Amino acid sequence: MIRVTLAEDQAMVRGALSALLNLESDIEVLGSAADGEAAWRDLQRLKPDVLVTDIEMPGLTGLELAQRIQRHEMPIKIIIVTTFARPGFLRRALDAGVSGYLLKDAPAERLAEALRTVHRGGRAIDPQLALEAWSEADPLNDRERQVLRLAGEGQSATDIASQLNLSHGTVRNYLSEAIGKLGVANRIEAYRLARQKGWL
């Protein structure tokens, strides 16, 4: 039996995924969470074989969740199911130890197949994305990405500094580094370009 936990912030999608997977005789959905932090608590409590997660979620994104699982060396395989067909996301997912990456518009039976493949130790990656993912490297480091994401959400350098326990000057340095690396004029353009490429 493949024991699965789901992390998806849209209730209807979460319910549909759970119902779909429970139809399979060899798959059992142990629990489902609406955000990354709740999913993290579920993972520690339920100890599933596989986590199926979205990328964009409140609190902790699917990628951050994958990185945390990797850091804690938990023996949980991860499949990301997302609407984001962005090569940058796939690259970051693979770097975080993700074994599966599927798009939400893929046929439903693909998810069950992917779960079986990943559970056996294989990989299940959308082939078109896999090709594109290696075409362009992400120039941002984790801190620049974090600061740029908050700036793009409208937070001031002072707000970001207090939230991340950094000095105001350090935040400004990270922002100017990100702007320089992306070759744009300002933080808003940097945020837009990084989002479009899947680097945030």
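In loop segments of the stretch 117-200 as defined by DSSP, the trypsin sites (Lys or Arg not before Pro) with at most 16 further C-beta atoms inside 10 Å of their C-beta are Arg120, Arg123.
How far is helix 142-152 tilted off the main Cα axis of the chain, in degrees rounded to 10, range 0 to 90? On a 0 to 90 degree scale, this one is about 80. Taking the DSSP bridge list for the chain and keeping only pairs wholly inside it, about 0 percent are antiparallel. GNM remark for the chain: springs join alpha carbons under 10 Å apart, and the peak mean-square fluctuation among Ile125, Ile80, Ile160 falls on Ile160.
Between Arg143 and Met74, what is 0.36 nm times their sequence separation minus the Cα-Cα distance? Round to one decimal in nm. Working shown, then result.
Numbers: separation 69, 0.36 × 69 = 24.84 nm, distance 2.40 nm.
Net length gain for the segment: 22.4 nm.
Return one quarter of the surface area of the convex hull spanned by the alpha-carbon atoms of the stretch 49-119, equal to its mean projected area, in nm². Walk me through the numbers before you get to the answer.
Values: hull surface 18.2 nm².
Over every viewing direction, the Cα hull of the stretch 49-119 projects on average to 4.5 nm².
Could you state the accessible area per residue of the chain in Å², with a 1.4 Å probe and every protein chain left in place? Present the calculation step by step, with values, prior to reporting the outcome.
Numbers: 9720 Å² over 200 residues.
Accessible area per residue, the chain: 49 Å².
Within the stretch 142-200, the GluC sites (Glu not before Pro) that combine a DSSP coil assignment with at most 12 other C-beta atoms in a 10 angstrom radius are Glu153. Just to be sure I follow: if Rg is taken over the C-alpha atoms of the stretch 95-200 and Rh is the Kirkwood radius over the same atoms, what is Rg/Rh? Here Rg/Rh amounts to 1.11. In a simple Cβ point-charge model (Lys, Arg +1; Asp, Glu -1; nothing else charged), the stretch 25-92 has a dipole of about 300 debye relative to its Cα centre.
Give me the net charge of Tyr191's neighbourhood, meaning all other residues with Cβ under 10 Å from the Cβ of Tyr191; Lys, Arg count +1, Asp, Glu -1.
Details: positive: Arg149, Arg187, Arg192, Arg195; negative: Glu153, Glu189.
Once positives and negatives cancel, what remains is +2.
Its Cα gyration tensor gives the stretch 18-82 an equivalent ellipsoid; the semi-axes, largest first and in whole Å, are 19, 14, 11.
Dipole orientation for the chain: of the candidates His168, Ala66, Ala137, His168 has the Cα lying most toward the positive pole (charges on Cβ; Lys, Arg +1; Asp, Glu -1).
Put a plus charge on the Cβ of each Lys and Arg, a minus charge on the Cβ of each Asp and Glu, and nothing anywhere else: the dipole of the chain about its Cα centre is then about 380 debye. Plainly put, the chain has a radius of gyration that is 1.00 times its Kirkwood radius, both from alpha-carbon atoms, as the Rg/Rh ratio. Here the accessible area is traced with a 1.4 Å probe on the protein chains. For the stretch 56-188, carbon and sulfur cover 47 percent of it.
Dividing the summed helix terms, -39500 (n - 2.57) for each DSSP H run of n ≥ 4, by the number of residues in the chain produces a 222 nm estimate of -16000 deg cm²/dmol to the nearest 500. Result for the chain in a Gaussian network model with C-alpha springs under 10 Å: among Leu60, Leu166, Leu140, the largest mean-square fluctuation is at Leu166. Label-to-label distance for Gln44 and Asp159 is 2.9 nm, based on points extended 7 Å past Cα in the beta-carbon direction.
The values are calculated or read from the model by the stated rules, or taken from the named source; none is laboratory data. Predicted model only: the values in this text are computed from it and were never measured. Because the Cβ atoms are built from the backbone with ideal geometry, glycine has one as well, and the counts that use them run over all protein chains shown. With ligands, DNA and RNA removed, areas are computed over all heavy atoms of the protein, side chains included. Shrake-Rupley method; radii C 1.70, N 1.55, O 1.52, S 1.80 Å.
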